[in-house]
1. Would you list which lysines come within 17 Å of Lys33, measuring only between C-alpha atoms, while excluding same-chain residues fewer than 8 positions from it?
2. Go ahead and set up a Gaussian network model of the chain, Cα springs under 10 Å, then flag whichever of Leu16, Leu49, Leu131 fluctuates most.
3. Please state the shape class of region 71-145: rounded when a/c is under 1.5, otherwise prolate if a/b exceeds b/c and oblate if not, all from the C-alpha gyration tensor.
4. Rank Phe50, Thr99, Ile77 by how far each Cα sits towards the positive end of the charge dipole of the chain (+1 on Lys, Arg Cβ; -1 on Asp, Glu Cβ) and give me just the farthest.
5. Once the convex hull of the C-alpha atoms of the chain is built, how many Å³ does it hold per residue, rounded to a whole number?
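Values in this text are rule-based calculations from the coordinates and carry no lab data. None of these values were measured; they are calculated from a predicted model. Methodologically, a virtual Cβ is constructed for each residue, glycine included, from the backbone with ideal geometry; neighbour enumeration extends over all protein chains shown.
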Amino acid sequence: MTASDIPELNATLNGLATVIITAGFICIKTGHKTAHRALMLSAGVVSALFLVGYVTHHYLQRGLHTPFGGEGAIRTIYLLILWTHIPLAASIAFLVPKTFSLAIKGDFERHKAWARVVFPIWYYVSVTGVLVYLFLYVWWPAAPR
């Protein structure tokens, strides 16, 4: 595995997190608390693995960013997604563990209140993470220099 393989692995982890988060949401809405807990903890592990891959990739790239090859309206769409994804992704690193800690402590009323806010943010970050990968590496990669 090389540094150039990490973005695809990260996109896969983001996609997997989205699937697991969805299943966890369905489980809690249908009263399957034990399955919900297992799925959300699994999603947390998958997201943590993504974060390790993300930091590793940027370390190995020495801070170089990946240029976007699209132009015009598609560039604007990409930048809007990216500019919302970045701050929300940073917030998830704090919001998800806080939400988990409330559940682990048994404070389910506060956990539920936090989760109502954190779930859509985490979901959006997971989905847009995959989209950012597709925009940069599949749909509109920059021309090689």
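1. By straight Cα distance, Lys33 reaches Lys105, Lys112.
2. Of the options given, Leu49 has the highest mean-square fluctuation.
3. Prolate, because a/c is 1.5 or more and a/b exceeds b/c.
4. Farthest towards the positive end: Thr99.
5. Dividing the Cα hull volume of the chain by its residues yields 116 Å³.
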